[in-house]
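The values are calculated or read from the model by the stated rules, or taken from the named source; none is laboratory data. In this text the structure is predicted, and so the values were computed from the model without any measurement. Backbone-built Cβ (ideal geometry, glycine too); neighbour counts: all protein chains shown. All accessible areas refer to the heavy atoms of the entire protein, side chains included, with ligands and DNA or RNA removed. Shrake-Rupley method; radii C 1.70, N 1.55, O 1.52, S 1.80 Å.
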Amino acid sequence: MTTHATQAVTLPGSLNEAVAALAAMPAAVPVAGGTDLMASVNAGLLRPAALVGLGRISEIRGWQYQDGHALLGAGLTHARIGRPDFAALIPALAAAARAAGPPQIRNAGTLGGNIASAAATGDTLPVLAALEATLVIAGPGGARREVPVSHLLAGMEMLSPGELIGFVRVPLLHAPQTFLKATGRTGPGRALASVALVLDPARRGVRCAVGAVAPMPLRPLEAEQWVASLIDWDGERTLVPEALTAFGEYVAAACIPDAAPAPDGTQEQLPPAVLHLRRTVAALARRALGRALS
Ligand SMILES: Cc1cc2nc3c(=O)[nH]c(=O)nc-3n(C[C@H](O)[C@H](O)[C@H](O)COP(=O)(O)OP(=O)(O)OC[C@H]3O[C@@H](n4cnc5c(N)ncnc54)[C@H](O)[C@@H]3O)c2cc1C
């Protein structure tokens, strides 16, 4: 990618060195794959005085197992996450990574960049919300703190200047999970709507998150609890088609509510585009649950 300005670029070899470089240059901005950041630079929206490149930090480019969880490095690319060995571990995250843009973007774009950009259309975000993943954030002096991904996306927690996302802690559920995305066009594209759905047999739970229809992924908690109560967790985990359809509609109505009544008490109709979005979410949620249970 080309840039309009020449910046000083530092390439630290460890997370702590990267945090120290940011502390030494408060005007510097971290860059991982650069797919979001350089697009902003090239569009003239951002002119960072200096860049701290994260591409040489090997400790955040892999993953390891820890207490029933996977600790994923923030520098994992979408292409790496999409490969079959990773898909066997966290299938919904692999499916989201495979859907995140065209190949050149997936080769460069990272998990940490997807989270830090926090775009409504970030494909990994609903999956991380449904999995109730947490972030390990690296700060000055080797400090580490852990926050739920959903808190960062909701603005309840922020990255302080000089902090970096180091790792993402994801529970390994050893159960079916799905990610489905509608783009409104053929081929790769940003999500019009997406649904991540995971089964959690140990907690007899269904967790679902809807992406792209709001600034952050939405969890339809009542719909999750309702459908989990219908499933025979000790027997065949199947549901009749009517229950799958009802779940889809429950999820869609929770995430895209009816229009507020007009002052005269009459019910406003949702505009056609919103009705279409609601139908799309309902179909995605129905299919996602059907696939997870099949
Ligand atoms: C043509 C195109 C198509 C795309 N399609 C999709 C798509 O379909 N789905 C999708 O989800 N995304 C898509 N994207 C967006 C983008 O590719 C992803 O969000 C990607 O994951 C960003 O990662 P990156 O490593 O390139 O981030 P960068 O561009 O390097 O950084 C993005 C932001 O995150 C910050 N950052 C990066 N790493 C860290 C870290 N470890 N800690 C703290 N802050 C950090 C940077 O300072 C910057 O503010 C697309 C982008 C383009 C240009």
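Limited to the range 132-146, what total is found for residues that are part of a helix (DSSP H, G or I) and in contact with a strand residue (DSSP E or B) (Cβ under 7 Å, 6 or more places away or on another chain)?
Restricting attention to the range 132-146, the residues satisfying the condition of being part of a helix (DSSP H, G or I) are 140-142.
Cutting the leftovers down to in contact with a strand residue (DSSP E or B) (Cβ under 7 Å, 6 or more places away or on another chain) gives us none.
The qualifying residues number 0.
Got a sec? Which of Pro263, Pro215, Pro188 is over 26 Å from Asp36 (Cβ atoms) and either touching a strand residue (DSSP E or B) at 6+ places or on another chain (Cβ under 7 Å) or in a loop (DSSP other than H, G, I, E, B) (or both)?
Working: Pro215 fails: over 26 Å from Asp36 (Cβ atoms); Pro188 fails: over 26 Å from Asp36 (Cβ atoms).
After ruling out the rest, the residue left standing is Pro263.
So, of the residues in the range 96-106 that are in contact with a Lys or Arg (Cβ under 9 Å, 6 or more places away or on another chain) and open to solvent by 50 Å² or more (accessible area, probe 1.4 Å), which turns out to be farthest from the ligand (Cβ to nearest atom)? Steps first, please.
Residues of the range 96-106 that are in contact with a Lys or Arg (Cβ under 9 Å, 6 or more places away or on another chain), as a first pass: 96-101, 106.
Restricting the remaining residues to those that are open to solvent by 50 Å² or more (accessible area, probe 1.4 Å) gives 98, 106.
On the way: Arg98: 10, Arg106: 8 Å.
Ranking the candidates gives Arg98 first.
For Val149, which of the numbered conditions (1) of a type in the set (Val, Ile, Thr); (2) farther than 23 Å from Ala202 by Cβ; (3) in contact with a strand residue (DSSP E or B) (Cβ under 8 Å, 6 or more places away or on another chain); (4) open to solvent by less than 10 Å² (accessible area, probe 1.4 Å) fails to hold?
(2)
With respect to Thr245, is the statement that it is assigned to a helix (DSSP H, G or I) and either open to solvent by less than 30 Å² (accessible area, probe 1.4 Å) or not charged (D, E, K, R) (or both) true?
On the way: assigned to a helix (DSSP H, G or I): yes; either open to solvent by less than 30 Å² (accessible area, probe 1.4 Å) or not charged (D, E, K, R) (or both): yes.
The answer is yes for Thr245.
Suppose the filter is more than 13 Å from the chain's Cα centre (by Cα), assigned to a loop (DSSP other than H, G, I, E, B), in contact (Cβ under 8 Å) with a residue 12 or more places away in the chain and within 8 Å of the ligand (Cβ to nearest atom); does Gly162 pass it?
Details: more than 13 Å from the chain's Cα centre (by Cα): yes; assigned to a loop (DSSP other than H, G, I, E, B): yes; in contact (Cβ under 8 Å) with a residue 12 or more places away in the chain: yes; within 8 Å of the ligand (Cβ to nearest atom): no.
The answer is no for Gly162.
Report those strands (runs of 3 or more DSSP E) wholly inside the range 1-84 carrying at least 1 residues which are more than 14 Å from the ligand (Cβ to nearest atom) and open to solvent by 50 Å² or more (accessible area, probe 1.4 Å).
Values: elements: 8-10, 28-31, 50-53, 63-66, 69-73.
Per the criteria, 8-10, 63-66, 69-73.
Could you grab me the full set of residues in the range 177-214 that are buried (at least 22 other Cβ atoms within 10 Å of the Cβ) and either among the basic types (Lys, Arg) or modelled with pLDDT under 95 (or both)?
Hit for the range 177-214 is Lys181, nothing else.
Taking Gly112 as meeting all but one of (1) out of contact with any His (no Cβ under 7 Å at 6 or more places or on another chain); (2) in a loop (DSSP other than H, G, I, E, B), write down the number of the exception.
Among (1) out of contact with any His (no Cβ under 7 Å at 6 or more places or on another chain); (2) in a loop (DSSP other than H, G, I, E, B), the lone unmet condition for Gly112 is (2).
Could you say which residue among Leu93, Leu128, Leu111 is within 8 Å of the ligand (Cβ to nearest atom), over 22 Å from Thr186 (Cβ atoms), within 16 Å of the chain's Cα centre (by Cα) and of a type outside the set (Ser, Thr, Tyr)? Can you show your working first?
Details: Leu93 fails: within 8 Å of the ligand (Cβ to nearest atom); Leu128 fails: within 8 Å of the ligand (Cβ to nearest atom).
Exactly one residue qualifies, and that residue is Leu111.
Within the bounds of the range 251-260, is there any residue that is in the same structural domain as Lys181 (by TED's automatic domain parsing) and modelled with pLDDT under 85?
To start, the set of residues in the range 251-260 that are in the same structural domain as Lys181 (by TED's automatic domain parsing) comprises 251-260.
Subset that is modelled with pLDDT under 85: 259-260.
Looking through the range 251-260, at least one residue is in the same structural domain as Lys181 (by TED's automatic domain parsing) and modelled with pLDDT under 85.
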